[in-house]
Every structure is written in structure tokens, then in C-alpha cells.
Ligand SMILES: Cc1ncc(COP(=O)(O)O)c(C=O)c1O
């Protein structure tokens with residue numbers, strides 16, 4: 001199956017491509033579904049074929065017209081991973097994708113591939129706790145420093161000021177997490193891409209614009225169409241979708257992806273073929289899952305707004321015209337997703353009482369699976385971020401994060417209502 005319908009040149013939608021693109025059953029005994037290629041190494045047809053494959057894999061020459069990269073060894077490439085990567089690139093409307101052993105493997109490999117001593121990263125904040133740790137503890141000894149500025153409305157201006165403060169010519173990357181974990185703050189991707197172009201005009205160096213698209217992608221947000229260079233996922237979340245694997249993905253333009261993929265080869269941060277196969281299976285239903293989860297989330301967000309124990313709710317589906325966050329939402333998202341953050345009156349004690357009273361929602365970190373989850377960001381996923389820093393992003397002791405799954409909505413509503421009633425003690 002090609003990306004286009006042969007007879008009419010119509011470009012297929014990613015939901016259709018997720019069922020057939022990048023795999024030819026005839027090359028695998030007619031098996032309609034891709035087999036799991038559980039092999040570490042691949043046999044060459046001839047010594048010359050092996051030589052040619054290695055030349056391409058190590059970037060020693062450009063491919064001839066229509067030449068396949070060729071299978072060598074499963075740390076470099078594997079059919080399950082390649083089919084998955086082709087389908088993700090189709091979702092994201094990018095040239096190429098690479099799969100990883102985890103979201104953090106995707107993020108750290110990308111950073112190591114693209115940053116050098118003396119470089120600066122300007123990042124929106126908050127970001128996922130593991131990414132924060134990488135910025136604060138692992139990159140600085142390598143001479144790579146990050147300035148985090150609050151995400152949300154006007155973040156591009158704060159990023160500009162941060163770039164000037166560190167010497168704009170040293171800014172190698174503008175990193176966004178939008179919506180942010182856990183606050184759901186939306187940062188304007190197109191405005192940050194414009195900032196990258198401005199910095200290039202002024203300094204001769206274009207910072208790479210990287211978007212962590214875990215919360216809304218690949219279904220509700222397409223950062224590449226807004227000017228982002230690289231899109232990163234924790235595929236553990238919605239793409240995997242069943243809370244039964246850990247994986248990551250990066251997609252983007254061919255030259256940058258070439259650099260990222262070559263670092264993955266040497267760092268060995270790829271997933272195994274079975275995880276690739278599971279992700280292929282999950283990708284077939286990601287659209288239908290995310291849409292249904294978002295439908296339930298809208299109803300639950302409204303229930304939270306209406307409950308007296310709840311002080312505030314952060315959910316893109318509640319934004320109203322006139323709010324600058326709504327304007328960003330309207331421009332760059334096609335749906336609100338299914339992550340809700342809300343604050344209960346009464347701080348951590350009240351939040352813990354609510355968390356301990358759920359029966360259907362599971363008290364667990366992670367998100368994007370078929371089952372609904374709840375957690376306490378300040379003492380769990382973001383425990384390594386100083387509390388006063390978290391407070392500046394609105395993440396405080398009463399904040400709970402929910403990921404809405406596929407249970408029957410009436411059961412979720414009942415469970416949420418009973419748990420909230422426990423907040424008062
Ligand atoms: C937004 C975001 N990015 C990245 C990650 C890291 O992904 P993983 O746990 O797959 O390494 C997470 C994990 O929770 C996340 O929420």
C-alpha cells in the first residue's frame with residue numbers, strides 16, 4: 001500500500017495507513033498482519049549487498065534512486081520498527097521517524113545527538129519530571145545548560161528574553177511540552193517556530209524546535225504542520241494505549257532524523273521487535289481510542305467544575321473564546337485530549353483522601369491507557385521538581401492529574417463523584 005490511492009492520487013488518511021502502509025504481505029507468506037521479526041541479525045544475499053547496506057547505514061554515500069536501506073542488525077533496523085516508523089511519520093506528516101526503548105530514551109538520545117558543550121536549550125515549563133531531571137542534572141556536566149520559562153500564553157516572548165540572556169547564538173534548541181504535564185498549559189508552536197526563524201536571521205544559527213507531543217498526538221496535534229522540526233512521544237502513553245509496554249518515538253525532517261537515528265544505533269536505545277509489533281497493533285486503534293477518551297473527559301471535566309470541593313480545573317476542552325489559551329487551542333489542536341488536572345480545596349490531605357477513595361480509577365502514574373488513572377503530581381511524577389518552582393506553574397499540594405480511559409462513562413462519573421465527596425473528610 002502506498003501513501004496515495006494509485007487510481008486517483010488521493011492521499012490516504014493516517015487511520016487507513018495505520019492498517020496497511022509500509023508492509024507488503026506477499027513478502028511474508030501472504031500474512032495480512034506483519035509477523036514479529038524476532039531476529040537479531042539479517043542474512044545478506046551477497047557480500048556486495050552487505051557492503052552497500054553498510055555504506056548507507058553509516059552515511060558513507062547517498063542512496064541511489066529507489067534504493068532500500070537494507071536490513072542489517074536489529075540495533076540498526078528491523079521490519080517491525082520500520083513499519084511502525086513509516087506509519088508514525090505518516091501521522092505526523094514528517095519525512096522520517098525512529099522508535100526508542102522509552103520516551104526518555106527518545107528524549108535523551110535526541111539531546112545527545114543535537115547538543116554540544118556550550119549549547120543552550122530554552123524550554124517551556126513545566127515539563128515531565130524525567131525531562132526536568134535530564135535538563136537539571138545530566139546535561140549540565142556535559143556543558144549543556146537549559147533555561148526553563150513558564151509555558152502557556154506569551155511563552156515565545158519569555159523564550160526570546162531567555163535567549164538574549166544567555167547569548168542568542170548559543171541557543172541550539174527550543175523545547176516545548178504542549179499541553180504541559182501536568183498543568184495542561186498550551187504553548188503556541190507556530191509562534192516558537194517563528195522565534196527560531198528570527199534567531200536564525202539574527203545569529204546565523206537556527207535552533208531546532210522540538211515538541212513533546214505525548215498528550216495530544218498523533219491524533220489531535222500535528223506540530224510539523226506548525227513549523228516544529230522534531231516531534232517526540234512517550235509511546236508508552238496513547239500510542240501504546242494499553243499500559244502494557246514502555247516505548248518512545250521521534251519524527252521529523254530527514255537530515256535531523258538521520259543524526260538522531262545514528263545516535264540511536266550507537267547508544268543502543270531502540271525497542272525490541274515485539275514492542276514494535278505491539279505498537280503497530282495499537283496504532284490501528286489510536287484514533288478511535290483517543291476520540292472516545294476525549295468524549296468522556298469532556299463530561300468529567302464539567303462534573304469537576306460543578307463540584308464544590310474543586311477549586312480549579314485545567315482542561316483544554318473547558319477553554320472559552322476570548323481566553324488567549326483558547327486562541328492557541330483553536331489554532332493548533334483538533335481535540336482536547338483526555339488528561340485533566342484539578343485542584344481540590346484543602347491541600348495535600350484532601351487530595352490524598354480523594355485519591356484513596358477511587359474504586360474504578362487506579363491510583364497509578366502514567367497516562368493514555370485504556371484504564372482511567374489518577375495521581376498526585378507534586379509527590380509523584382514531579383517529585384524531583386522543587387515545590388516553589390512547581391507552585392509558579394500552578395502545581396500545588398491540592399492538584400490531582402487524571403487520565404481518562406475507556407470504562408463506561410456512568411461508572412466513571414459515579415466513581416469520581418464519590419471520591420470528590422471524600423475531600424472534606
Ligand atoms: C509528557 C511526557 N514526556 C515523556 C515522558 C517519558 O516517557 P517514558 O516514561 O516512556 O520514558 C512522559 C512519561 O510520563 C511524559 O508524560
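Read-outs throughout are calculated quantities, based only on the coordinates presented, and are distinct from any laboratory measurement. Just so we're clear, the structure is a prediction, and the values are computed from it rather than from any experiment. Methodologically, a virtual Cβ is constructed for each residue, glycine included, from the backbone with ideal geometry; neighbour enumeration extends over all protein chains shown.
Against the empirical curve 2.2 N^0.38 Å, the C-alpha radius of gyration of the range 322-425 lands at a ratio of 1.14. Highest mobility in the GNM of the chain, judged by mean-square fluctuation with C-alpha springs under 10 Å and restricted to 33, 295, 96, is found for 33. The separation of the range 329-351 from the range 80-103, counted between C-alpha centres, amounts to 29 Å. If R0 is taken as 41 Å, the Cβ-Cβ distance between residue 312 and residue 75 corresponds to a FRET efficiency of 0.30.
If R0 is 25 Å, the Cβ-Cβ spacing of residue 359 and residue 274 corresponds to a FRET efficiency of close to 0.15. The angle between the Cα long axis of helix 273-283 and the main principal axis of the chain comes to about 60°, on a 0 to 90 degree scale. Of interest is the spacing of the C-alpha centroids, which for the range 44-68 and the range 301-321 amounts to 56 Å. DSSP assigns beta bridges within the chain; of those with both partners inside it, close to 55 percent run antiparallel.
Comparing 236, 16, 285 in a Gaussian network model of the chain (Cα springs below 10 Å), the most mobile by mean-square fluctuation is 16. Is the shape of the range 193-321 best called rounded, prolate or oblate, per the rule: a/c under 1.5 gives rounded, else a/b larger than b/c gives prolate, else oblate, with a ≥ b ≥ c the square roots of the Cα gyration tensor eigenvalues? Note, shape of the range 193-321 comes out oblate. How big, in percent, is the set of alpha carbon pairs in the chain lying more than 38 Å apart? When every Cα pair of the chain is considered, 23 percent fall beyond 38 Å. How far is helix 103-114 tilted, in degrees, relative to the longest principal axis of the Cα atoms in the chain, given as a value from 0 to 90 rounded to the nearest 10? For helix 103-114, the angle is close to 60 degrees. Largest GNM mean-square fluctuation across 391, 113, 261, computed for the chain with C-alpha springs under 10 Å, falls on 391. Compared with the alpha-carbon gap, the fully stretched path from residue 157 to residue 55 is longer by 32.3 nm at 0.36 nm per residue. Each Cα pair under 8 Å and six or more residues apart adds its separation to the average, and for the chain the resulting relative contact order is 16 percent.
Label-to-label distance, residue 424 versus residue 254, with points set 7 angstrom from Cα along the beta-carbon direction: 6.5 nm.
Relative to the compact globular guide of 2.2 N^0.38 Å, what is the alpha carbon radius of gyration of the range 1-141, as a ratio?
1.30
Sorted ascending by nearby beta carbons within 10 Å, beginning with the fewest, 333, 418 become 418, 333.
Taking 0.36 nm per residue of sequence separation and removing the Cα-Cα distance, the residue 24/residue 93 pair yields an extension gain of 22.7 nm. For residue 170 and residue 9, the difference between the fully extended length at 0.36 nm per residue and the C-alpha to C-alpha distance is 53.5 nm.
The share of Cα pairs per 5 Å bin across the range 36-85, counted from zero up to the longest distance, runs 5, 20, 30, 25, 17, 4, 0 percent. Seen from all directions on average, the range 97-252 presents a Cα convex hull projection of 8.3 nm². Using the alpha-carbon atoms, what tilt in degrees (0 to 90, nearest 10) does helix 254-267 show relative to the longest principal axis of the chain? For 254-267 against the chain, the angle is about 90 degrees.
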